[in-house]
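Take a look at the structure below.
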Amino acid sequence: AFAIMLRRLLAAGGARVGIRPMLATAYAANAVSVSVPLAGPALATAFTFCRFTRQGADAPLAGWSLLAGGVISSAAAALVVVGGALASGNILVAAVAVPGGVLAVTALVVAGAAARRPRLRGAFERPAVWALQQGSRLLRRPGAEPRQIIRAWAQRLGSLRLSPSDWVAVAGLALANWLADAAVLAVSIRATGAVVPWHDLLLVYGSGIAAQSLNITPGGLGVTEGTLSLALVATGLGASQALAAVLLYRLASFWLVTLAGWLVLLWLRRPRARRGTEPRRARPRSPADPGT
């Protein structure tokens, strides 16, 4: 679902990426994100950006797809938490989660409006140019004129169009991604012989999302397991059943997915490694070459 969502976003700019290459990108980026301490999410974003540009997307389209995908995914996660809070009768959690989702969507709408309206774009141009200049100095990589780069990006972003039905499909895919993962938790609870707390399931799952998003440890190791276990115990499950369900859920949704991602990443790197180790073949000389 997440891979298809990214494909739909890239298609808005004319980039056509097959489902298999996009699945490979999604699995490999996820493995990097959850395995590398602290810098994992940033490295995964850079990896995905490079993959998009190699698959035919220009830099503005690749960046926009990553931004839009991240915002929509975050908004969908907030919607899952809100749904879980309402189902369990916890209005306070719903009130806390709603502003985060609204803020994420508002940021995307403002960015899109700024790219299409010259006056609004001009208001954002100066801080964007300053940020680009500071980034170039920090990385010690002087590039082209920052103002020209920002204007070129804005013009390209202004040309991107997604129909209302496409936005609905993208949002639905992002929501399906989270709900499918929550279903893994439900199956794991059922596998331990416990009764699934359906009214509280999404709220329990939302607590795990929040714990993992803190990035205290790679992939939320320890933090996510502890949070989910305590949340399940609070719903009435026994401590042993709750722990067994959480460990089974993390085995399926974290460890196996991460292992698959690293295998895909090694597979993606293999052709490049072969090319780097191949001996160079001597070029046949022509009669006009010196020394013949």
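Peptide packing: for 199-210, 259-270, the average count of neighbouring Cβ atoms within 10 Å per residue gives the ranking 199-210, 259-270, highest mean first.
Model label points for Leu86 and Trp262, set 7 angstrom from Cα along the Cα-to-Cβ axis, are 4.1 nm apart.
Set the Förster radius R0 to 25 Å, insert the Cβ-Cβ distance between Leu251 and Leu43 as r into 1/(1 + (r/R0)^6), and round the FRET efficiency to 0.05.
So the FRET efficiency works out to roughly 0.55.
Hey, with R₀ at 51 Å, roughly what FRET efficiency would Ala234 and Ser163 work out to, going by the Cβ-Cβ distance, to 0.05? So the FRET efficiency works out to roughly 0.70. For the stretch 9-23, backbone nitrogen atoms closer than 17 Å to the point 7 Å from Ala1 Cα along Cα-to-C-beta are found at 9, 23.
So, by mean Cβ neighbours within 10 angstrom, what's the order for 54-62, 162-170 with the highest one leading?
Result, highest mean Cβ count within 10 Å first: 54-62, 162-170.
Quick one: if you stick a label point 7 Å off each Cα along the C-beta vector at Ala176 and Ala59, how many nm between them? A separation of 3.4 nm, rounded to one decimal place.
Each reported figure results from applying straightforward, stated rules to the coordinates on display, with no laboratory input. Since we're looking at a predicted model, the values are computed, not measured. Neighbour counts run over all protein chains shown; Cβ positions are idealised from the backbone, glycine included.
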